[in-house]
Each structure stands twice: as structure tokens, then as C-alpha cells.
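Undergrad: Pasting a structure below so you can have a look.
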Amino acid sequence: MIAISLVIPTYNEVRNLPLLLEEIWQLIDHAKIDLEFIIVDDNSPDGTGALADELAKQYPVKVIHRAGKLGLGSAVIEGFKISDRPYLGVMDADLSHDPIILNNLILSLIDYDLTLGSRFAAGSVVEKWAWFRKLLSMVGVVLARALTGVQDPLSGYFFFRRSVIEGVLLKTTGYKILLEILVKGHFKKVKELSYTFRIRKYSTSKLNWREFVLFFGQLVGYSCYKIFKSKKYEF
């Protein structure tokens, strides 16, 4: 039995969150996986935090209420900190990450240190991706691939053994927390699975130009980190 915490950061996802939890709960292999949800809400004005508290009456849910919009990466890190389980995962709340591969991602941790849903693996599909978003993503992915050797190092859909981040100081506040884990973490075997990156149902992308600027700054910092292995270069 794999005991795992799935961290879901939220901001204005009141319509998507109950659909996501229901879909996951119906698909998960409960005979092999002991799953808990950790929902980290950044004081969503649409009431997502209060809804998460209600969902805790129906599902195994822990809720962290934060004072404001403090960043996806920092939300994920807070979720990791309150988990006491040997396996951890991250997933978006907006329904873009198809849970159909969830069992495979989690059960593959028996043989792999880290698994992820890859938008660029053979057989993957990205629904209705705007050309400029695709262009920016591809540029970022190509640069991050050179740094990590992973097909989709910017994925927000990933799972890993807790040992991967033991003793690692994670600092990312933005959207690319996986990139920092791939650069700094302790792992040998990574498995990437193809899936359908779905169009959002009831929300819009929260990425903005500030996040892209932050990301490219992180690329420079992590490149220096890998070259020099010095805390001086940590971003």
C-alpha cells in the first residue's frame, strides 16, 4: 500500500475543485493506494477555501488557508511540510491534468524515484493551446531540458518519494517547482507518462509575464547551481 499526499494549490477554483476530487476518488485504486488531499488555498475571493473545508467532510482532506496570493510554489512547499507520508504529489486544481494516468503515476513509484505527466511524451495531447502560450512554453521547456534531461521539466503534474527532497531547501515561489526539485533533488530514476492536457473548464490561466520573467531568472540561477554547486547561486 502506497500512502501518499496529493498537494493541490488553489486560487479561485470553487467550481473545479469538487469535480476534480470526485473524479480522482472514483479513479484511484483504493486497494493499493492510500491517498489524502492537501489543499492549499491562497485566500481565494470566490470561496474556494471554505468549500475545501466542506469537502473535508466527504474526502480525506487537509486544508491550509493562507493570508493571500503568495505563489504556487510556496503553496506546494507548505503542503509538503504538513504531510507525514513517504510519497508526495502535485496536481493543478483546474482540471487540466487528466487523472486517468494517476494510478500509473503513483504505483510506478515502487520502481522509480519520480514520475510525471508529460505534455511532450509520444502520444500526449494538448487541447486548444494558444500559439503564444505554446511558443513560450516550448522555449522554456527546451532550455530546461538541457538543464535536467527530462522531457517535460516544467510539468505541474508529478509524484515522488519524500527522500528526493530530504535535506533540500526549496525556495520556488512561482509555477515551476518541479524544475527546482529536478535540479536539487536526490533521485536516479524518472518515469514520464503521456496524457491529455485538458482545456480548463471554469477558470483561466494564472500565468503572467511576471511568472515568465521569474522562470528565466530561475533557469540562470539553477544553471549556476549545477555548475558550481554553491548556495551562493541558489534562486
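The values are calculated or read from the model by the stated rules, or taken from the named source; none is laboratory data. Note that the structure is a prediction, hence the values are computed from the model and not measured. Cβ sites come from the backbone with ideal geometry, for glycine too, and all protein chains shown count toward neighbours.
Undergrad: Of the conditions (1) at pLDDT below 90; (2) of a type outside the set (S, T, N, Q); (3) under 30 Å from Leu107 (Cβ atoms), Lys231 clears all except one; give me its number.
TA: (3) is the only condition that Lys231 fails.
Undergrad: Give the residues of region 47-85 that are basic (Lys, Arg), surrounded by fewer than 16 Cβ atoms within 10 Å (Cβ to Cβ) and within 12 Å of Pro9 (Cα to Cα), sorted by residue number.
TA: Lys69
Undergrad: Which of the residues that make up region 24-40 are buried (at least 16 other Cβ atoms within 10 Å of the Cβ) and touching a Phe, Trp or Tyr at 6+ places or on another chain (Cβ under 7 Å)?
TA: Residue satisfying the conditions is Phe37 alone.
Undergrad: Is it the case that Ala31 is without any contact (Cβ under 8 Å) to a residue 60 or more places away in the chain and among the hydrophobic types (A, V, I, L, M, F, W, C)?
TA: Considered against the rule, which asks whether it is without any contact (Cβ under 8 Å) to a residue 60 or more places away in the chain and among the hydrophobic types (A, V, I, L, M, F, W, C), Ala31 comes out as yes.
Undergrad: Looking only at region 165-191, count how many residues are surrounded by fewer than 21 Cβ atoms within 10 Å (Cβ to Cβ) and more than 24 Å from Ala122 (Cβ to Cβ).
TA: The total comes to 12.
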